Structures are given as structure tokens and as C-alpha cells.
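Have a look at the structure below, then the notes.
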Amino acid sequence: MSLRKGKLQSQYTIVDHLLMHARVSAEPLPQDAPVVILVHGVVISSRYMIPTAELLAPDYRVYAPDFPGYGESDKPDYMLNLVELAEALRKWMDAIGIEEATMLGNSFGCQIIVEFALRYPERIQRAVLQGPTIDRHARNFPAQLLRFLINAPREDSSQTPIQIYDYWLAGLPRIVHTIQMALSDPIEEKLTYLNVPTLVVRGTKDPVVPQKWAEEVVNLLPKGQLAVIPGAAHTINYSAPLELVRVTRAFLEATEPHLKHKEKMNESTLD
Amino acid sequence: MPRAIKDSVIVITGASSGIGRATALTLAQQGATLLLAARREAALQEVAAECNRLGGQALAVSTNMTDEEAVKALARRAVDTFGRLDVWVNNAAVTLFARFEEAPSEVFRQVIETNVFGYVHGARAALPYFREQGSGILINVDSVVGMATQPYTSAYVMSKFAIRGMVGSLRMELHLDKASDIHVCMVMPATIDTPLFNQAANYTGRAVKAMNPVYPAQQVADAIAGLVENPQREVIVGQAGYLMVGQSMFAPELYERMMAQQVDNDHLQDKPAAETNGNLFEPMPEYTDISGGWEHTGEMPQGILNMAKEAVHKLGLPTP
């Protein structure tokens, strides 16, 4: 008798001559159900978003895209940088007709969301940053590698094969490139521009995102709040999806009036 | 399934004093995440601060357990904040001393409202989340008088018997639903040194005291912590409790006569006392400690230890 899981289906869209894959909610939902886009993290794909997507699918129009070069999406010869990833997300939204959405990211996915909000602020309604990287106090490869190694045994062990498969799909050069990209992104300089209600979620056992860094992120955000999940590690979307969905749902419900207000404003400007 | 207290999300009702307060501190020491509920905001804040100092994480949520919507909001608060609700401890209770037919109806009813409906509200608030998770522990602090009756406290005794009924039915439904990792536990303390008696409603004309033997609240707190790690159906706290329950089962008539006399002699004093509704309708600002100031006469090992220490001292031997 656990929480009902919604059905997901694969959807392929051509964006800039590249096929982009996404897992989307296949549930019958009202048109005004909020859109939630799940943004995957470093070198992985939307595959590890499935547990979270399934729990959100009965109530939200969920989309979990694979970025070009990752998961089931086409792998272009060149490698997209952070700006291009944000642009790809925007073009993909254009192609499938999503005007604006709430975005939930894990790890490096949060960096994509922040970059996206900086460039296309009118396309993002709310953000959930789960385990936002990279702690500016340890922004170097050895420190991050160590933290991810400490984290690994704290996650649900079934995640490992998924991770290995996605790493294999992306290939070594893209892995190295993505990590370099994540490490060279000064996220703290951009957070002040994420001017939408934002929930930062951290697990108490997440060595990658220490409490101090999570609090720093919240303090830099104009409309930030923090949720701390006892006992969870870095990849809450996979290892503790129910917890993540519950705090996300509470956040979405609490920030709904803001949306309605905004929609009304849009209507009046249309008139 | 056994679970660690550390990182468990636990709601405790009646956490401003007595057993609730002792339990909060015990679980906080072991790294639990706590939501503390009671009517008294100031006392709760104090307990929460103490829990945070001890290494736990605690939120004070002022709640009246007779208000079903408020109790639902309390459970929701746990889930919205921490994503999970692992354990719910039903503990908030009040008591009334009066002859059965002399207790004013509304006072009698208020004991049932708080002790029975308070627990019903708690269980019904927690269970939907337990079912979503497929796991959870509902701990009900009952009393040995939930199995063995007492005079002059009929409303309280009835409320504690009622909880036993609720727990049995609920457990059977969970069994039928194959919810094997949702546990419903009962804690049955004997007389515990808490401010329960100091805040009792009283219509007997005689002052109330804790009936001997009295056990410290810490024993109940430890039993509750034990149930979090290893859920069991029922736990009796205080050896006198086993005696009471055993006697009432095997020699019910004798038990009734003996207990009637004992309560008359030892639960009520020969001092006069004014009629009071105690904390039944409005919480009292005082009595926010774990202890109600009653002597721990049930702690036999401690008594024997003291005797031994005295003997050692009198013999002139070096004391540790």
C-alpha cells in the first residue's frame, strides 16, 4: 500500500537536428497541472530521475529530458558547454511547447538550472535545487572525487549499474569534459539572479553538499528556503524519492498562490 | 524491521513535561529528528532547545491533541519538513480523581477527549503516511490501569482500557493489509514520577499523591527508545506493574479489594484539597519538569545500593 506511482513514457523530439529523449508523465492530467522538468546531473541521464518522476507523475506534468550527449539522446561530435546545455533545454521546451516550468535538478543539474534562469528568467517558475554543486570551498577535482567516493556507499546500491551504463553511453571524453565544466562554474555569482521561489534540498549524509554550503546557497538566493532530509545522501532523487517528492510537493503547494497571481497578471497584460 | 534512532523522524505528544519530556531528551541524545507537541509553547521551546543541545534536532509545534485538524497538521508538518515520519509517540494524557458518580460530566468527558480521542487523532494522522512509506511505528503510552482497574480514577482507567481496544483492532487491520513493517506498540507504565498527579483534576476533597511504588520517568523513556529500535506489542514498565496485571488476571476479586484499599490509603492523602479541574481545560504554566517531585520508591536496586554504601561507610571501608 505505498504511494501511487504514475506511468512514464519515452518521448523523442528533434531539436537543432538532434534527437532529444525525455521521460514524460503518461497520466491523464488537467491542462493546468503544473509542469515540472527534472534536470539530470553530471554524466548521468534522466534514468536516475525515474523514481522521483513516477511519484510526481500522478499530479504534475513531469518531463525528464536527456541532454544531447547523455542517456538516450543523440550524441553530437562536439561537447556542449554549460551555456549550450541551458540553451538546449530552452530549445527543447520551445519544440514541445512548454512556456514555463518548475525545474528540479540534482547535483550538476542545479548548475544547469541556475544558468538557465540567468539567461531565460521568464521561462522558469520555481526551482528545486537538490544537492547543488559545487561547494566553492572545495572546488577542485581531488576534493570532489573524494567526496563522491565517500558518498557512493551511502546511496541505494541499485543505482550503481544505472550510473555505469550512463557513463558508458556518454563516453570518457564527455565525462572528463562535464566534470571540468562543473568545476569551472562559479555558481555562487549567479544565485542572486535566480529570482523565483527556490527550495534547496540536502541530505544530512551528503558529503558533496555540506550543511554550510547549502546554507550559503540559500542565503544567496533571493527567495530561497532549505529542507534537510535526515539520513539521506547526495542523490535523494534516486535513493529517497518519497522524501524528496514530499518536501517538493509541500513547496509547490505553498508557492502556488504566487503562480496564480502571476498567471492573472499575464492574462491582464494579454487583454 | 529494526531501525536506528539516529535520523529517525519522531513525533512525541505531551512533550512539555513528564514522560514526553524525558523521551524527547533520550531520543535527542541518540540523534533523532523530533517534532515536539503539547499545548504549552514556552515549555516546548525549552525542551526543543535542550534537545538541540544534546545533538538531536527538534521542532516545537504547539498542539492541542483534542483538535483533530491541528493533529493532522502536526503529522503533515513532519512530512513536509523532513520528507518522512518514522515514529509517532502518543503520550499526552490528563487524569481526574473523583468518585465515579461525583465527577462533573464535562470533566469526565474531557479526560476521554484528551486521552482517547487525542490518541485516535494521533494514530489517524500518522497512519496514512506510514502506509505511503510502507513502514512506521505507532507507540502508545498506555498504563497498567489499562489492564487492571483502580478506584477514584474511573475516567482515566476507562481511557486507558479504550486505548488497548484501539490498538488491538488497528493491529489486526494492519495484519489483514499485510502491512508487516507498520508496528503498533503499547507501553504500560506503573506509577511514574511525573507532574501528572500535580496537574490532576480532583473532586475527592483529598489531596492526591503518586501511589507507591513510584518509578522514574527515565525508565519509560528508555522503554520507548527500545521500541523504536525493536518494536514489540507490549512493554510493562515498573515491576509493580507485572504484579498488578498478574493479580488482576488470576485473582480478580482479591485484586479489586486490595487495590481499592491501597488507592484509598496511598493515592489519596488525609489532607483536604479544594476542587480543581487541574490542567484538563487549560494548561498550567507550572509543572514543566520531567519529575513531579515524587519519591522514587520503586527503584529497589538503588535502595539496596544505598544500603550497601551505608554499610561500607559504617564499617570504615574506603568508598568508591
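Tabulated data
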item	result
Candidate set from the stretch B:52-67 (those that are small (Gly, Ala, Ser) and within 13 Å of chain A (Cβ to nearest Cβ)); member that is surrounded by the fewest Cβ atoms within 10 Å (Cβ to Cβ)	B:55
Condition met for residue B:184 (of a type in the set (Val, Ile, Thr) and in contact with a Lys or Arg (Cβ under 8 Å, 6 or more places away or on another chain))	yes
Filter result for the condition that a residue is surrounded by fewer than 19 Cβ atoms within 10 Å (Cβ to Cβ) and touching a strand residue (DSSP E or B) at 6+ places or on another chain (Cβ under 6 Å), over B:171, B:164	B:171
The stretch A:224-239, subset assigned to a loop (DSSP other than H, G, I, E, B) and more than 7 Å from every other protein chain (Cβ to nearest Cβ), residue nearest to residue B:132 (Cα to Cα)	A:232
Residue count for the stretch B:1-37, restricted to those that are assigned to a loop (DSSP other than H, G, I, E, B), surrounded by 24 or more Cβ atoms within 10 Å (Cβ to Cβ) and within 14 Å of chain A (Cβ to nearest Cβ)	1
Residue A:30 being assigned to a loop (DSSP other than H, G, I, E, B) and in contact (Cβ under 8 Å) with a residue 24 or more places away in the chain	no
Flag for residue B:224 being touching a Ser or Thr at 6+ places or on another chain (Cβ under 9 Å), surrounded by 14 or more Cβ atoms within 10 Å (Cβ to Cβ), of a type in the set (A, V, I, L, M, F, W, C) and part of a helix (DSSP H, G or I)	yes
Exclusive hit being more than 14 Å from chain B (Cβ to nearest Cβ) and without any contact (Cβ under 8 Å) to a residue 60 or more places away in the chain, set A:139, A:246, A:174, A:147	A:139
Failed item in (1) within 14 Å of chain A (Cβ to nearest Cβ); (2) touching a residue at least 24 places away in the same chain (Cβ under 8 Å); (3) on the phi < 0 side of the Ramachandran plot, with residue B:175 passing the rest	(2)
Of all residues in the stretch B:174-193 being of a type outside the set (Asp, Glu) and exposed (fewer than 15 other Cβ atoms within 10 Å of the Cβ), the one that is farthest from residue B:149 (Cα to Cα)	B:178
Residue that is nearest to the other protein chains (Cβ to nearest Cβ), among those in the stretch B:81-107 that are surrounded by fewer than 18 Cβ atoms within 10 Å (Cβ to Cβ) and assigned to a helix (DSSP H, G or I)	B:106
Of residues in the stretch A:1-47 being within 14 Å of chain B (Cβ to nearest Cβ) and touching a helix residue (DSSP H, G or I) at 6+ places or on another chain (Cβ under 7 Å), the one farthest from residue A:64 (Cα to Cα)	A:1
Members of the stretch B:244-303 found to be aromatic (Phe, Trp, Tyr) and over 18 Å from the mean Cα position of the chain (by Cα), listed by number	B:250, B:255, B:281
Some residue of the stretch B:38-47 being part of a helix (DSSP H, G or I), more than 14 Å from chain A (Cβ to nearest Cβ), without any contact (Cβ under 8 Å) to a residue 40 or more places away in the chain and surrounded by 18 or more Cβ atoms within 10 Å (Cβ to Cβ)	yes
Scope the stretch A:58-88; condition farther than 20 Å from residue A:16 by Cα and buried (at least 24 other Cβ atoms within 10 Å of the Cβ); matching residues	A:60, A:62
Among (1) within 22 Å of residue B:157 (Cα to Cα); (2) in contact (Cβ under 8 Å) with a residue 60 or more places away in the chain; (3) of a type outside the set (Gly, Ala, Ser), the one test that residue B:284 misses	(1)
Qualifying residue in the stretch B:109-126 (condition: surrounded by fewer than 24 Cβ atoms within 10 Å (Cβ to Cβ), touching a residue at least 60 places away in the same chain (Cβ under 8 Å) and in a loop (DSSP other than H, G, I, E, B))	no
Positions within the stretch A:183-216 being among the aliphatic types (A, V, I, L, M), farther than 21 Å from residue B:79 by Cβ and either in contact with a Lys or Arg (Cβ under 9 Å, 6 or more places away or on another chain) or in a loop (DSSP other than H, G, I, E, B) (or both), in sequence order	A:183, A:187, A:194, A:196, A:208, A:209
Check on residue B:156, surrounded by fewer than 23 Cβ atoms within 10 Å (Cβ to Cβ) and at pLDDT 95 or above	no
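The values are calculated or read from the model by the stated rules, or taken from the named source; none is laboratory data. All values reported here derive from a predicted model rather than from experimental measurement. Ideal geometry is used to build each Cβ from the backbone, glycine not excepted, and the neighbour counts take in all protein chains shown.
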